[in-house]
Amino acid sequence: MPVGGSDVCVDLEELGFYDDVRGDPVRVFRDTLELLTRGWPTPLVRLRSLSSGGYGVWAKLEWYNPFSFSVKDRVGWYMIKKILDKRALPERVFEATSTNTGMALAAMGAINGFRTRLYIPSGIQRASDVLLKALGAEVVRTGKPLTVDSIEDVRRAAEEEGAVHTNQFDNDANFMVHLRYTAKELDLQLRSKGIEVKGIIGGLGTSGHLSALAFYFKNRYAGLKVFGVQPAPGEKIPGIRRVETGMKWVHMIDLDGVIEVTQREAIEALISVARKDGILPGLSSGAVAAAYLKLRGEGALEEGDYVLVFPDNGLKYVEQLSRYLGEGA
Ligand code: PLP
């Protein structure tokens, strides 16, 4: 079934089978690009902290990507690949990012030889500037939240300075990479272990990854539910935004609900995963875990297995975690 909108018109059959999502079993790679694409699938792990009774919770750990330690490596890679497929290497790339897409693009710039300028919205931890600059990027703090207007500012700046604006918010390479790779590899992982999931829960930033997962899995598995997660009004959870701030692909699919989470709820959920499973998810991953707990608490989920997409881990969020745990934590 095709999904509407510009370049995003694809039959699921066109996606082919799984040959291109098989990683190297002994994990030796010729270069760092291969490390990304042949490092897939990212792990899927059952979490003891969230599974109980008839409920099994599987986290897809996107921080096992090598450049930004996040789901956004896929998008940075594919947006640049799509440019290179059509024309010469850009000299400069501009992008609005809450950090992760920026790190992925800076890495692609380092590998391919172009420069990046990254526009960071308000509410993002200072550590991001250090990480992005270490990867060779120029960093601009906009002092504004990420909205349609602030993305337009980046477009205008790119136009004036002759740079390429990759625009992850509108660039269908974002949706397509998750359809062609993230969704297919998750399906492969679940099938290979005979896990039949009842639902998938994920955060909404550009809406790229969750929309593609919803499109793929809802078309293949009747009755499967997909829930999105957004920050509660006035709350800041880096990487995710409220749907009304403007996102593209989420309007092409039918979500079964959008759950609101506060930063405190996200941190509490990530800490409870950390203290029972020994892994440290990031804030938006914590928000996804908190949303699962809310849905379960409300009796909205039938018994069975669920996949939670964890976009990155907690290492970028020491500032927020130390505020929560108390100074000197
Ligand atoms: N979580 C984190 C940490 C992110 O960086 C992002 C995107 O930047 C998301 C969630 C949301 O992902 P998407 O843009 O695919 O909606």
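The values are calculated or read from the model by the stated rules, or taken from the named source; none is laboratory data. None of these values were measured; they are calculated from a predicted model. Cβ coordinates were reconstructed from backbone atoms using ideal geometry, including for glycine residues, and neighbour counts include every protein chain displayed. Just so you know, the surface numbers come from the protein's heavy atoms only, side chains and all, with ligands and any DNA or RNA stripped out. Shrake-Rupley method; radii C 1.70, N 1.55, O 1.52, S 1.80 Å.
Couple of notes before you dig in:
- Per the listing Glu298, Glu268, Glu303, the residue uniquely more than 13 Å from the ligand (Cβ to nearest atom), open to solvent by 70 Å² or more (accessible area, probe 1.4 Å) and under 22 Å from Asp187 (Cα atoms) is Glu303.
- Taking (1) out of contact with any Asp or Glu (no Cβ under 8 Å at 6 or more places or on another chain); (2) within 12 Å of the ligand (Cβ to nearest atom); (3) not small (Gly, Ala, Ser) in turn, Lys276 satisfies each apart from (2).
- For the range 207-229, the candidate set comprises residues that are polar (S, T, N, Q) and open to solvent by less than 10 Å² (accessible area, probe 1.4 Å); within that set, the residue that is nearest to the ligand (Cβ to nearest atom) is Ser207.
- Test: residue in the range 230-237 that is touching a strand residue (DSSP E or B) at 6+ places or on another chain (Cβ under 8 Å) and among the basic types (Lys, Arg): no
- If you go through the range 133-177 and keep only what is assigned to a loop (DSSP other than H, G, I, E, B), of a type in the set (Gly, Ala, Ser) and more than 27 Å from Glu244 (Cβ to Cβ), you end up with Gly136, Ala137, Gly162, Ala163.
- If you go through the range 233-262 and keep only what is more than 18 Å from Pro121 (Cβ to Cβ) and of a type in the set (A, V, I, L, M), you end up with Val250, Met252, Ile253, Leu255, Val258, Ile259, Val261.
- Set side by side, the residues Ala291, Ala300 differ, and just one is more than 26 Å from Met176 (Cβ to Cβ) and in the same structural domain as Asp187 (by TED's automatic domain parsing), which is Ala300.
- Single residue of the range 65-78 satisfying the filter (open to solvent by 30 Å² or more (accessible area, probe 1.4 Å) and in contact with a strand residue (DSSP E or B) (Cβ under 9 Å, 6 or more places away or on another chain)) that is nearest to the ligand (Cβ to nearest atom): Lys72
- Scanning the range 79-106 for residues that are in contact (Cβ under 8 Å) with a residue 60 or more places away in the chain, open to solvent by less than 10 Å² (accessible area, probe 1.4 Å) and under 16 Å from Thr32 (Cβ atoms) gives Ile80, Leu105.
- Cβ pairs under 8 Å, 6+ apart, first in the range 206-234 and under 17 Å from Ser284 (Cβ atoms), second hydroxyl-bearing (Ser, Thr, Tyr) and more than 15 Å from the ligand (Cβ to nearest atom): Pro231/Thr262; Ala232/Thr262
- For the range 230-237, the condition of being open to solvent by 10 Å² or more (accessible area, probe 1.4 Å), within 14 Å of the chain's Cα centre (by Cα) and within 16 Å of the ligand (Cβ to nearest atom) holds for at least one residue.
- Test: residue in the range 190-200 that is closer than 22 Å to Arg46 by Cβ, open to solvent by less than 10 Å² (accessible area, probe 1.4 Å), touching an Asp or Glu at 6+ places or on another chain (Cβ under 8 Å) and more than 10 Å from the ligand (Cβ to nearest atom): yes
- Scanning the range 50-64 for residues that are out of contact with any Ser or Thr (no Cβ under 9 Å at 6 or more places or on another chain) and either closer than 17 Å to Arg38 by Cβ or surrounded by 18 or more Cβ atoms within 10 Å (Cβ to Cβ) (or both) gives a single hit, Gly56.
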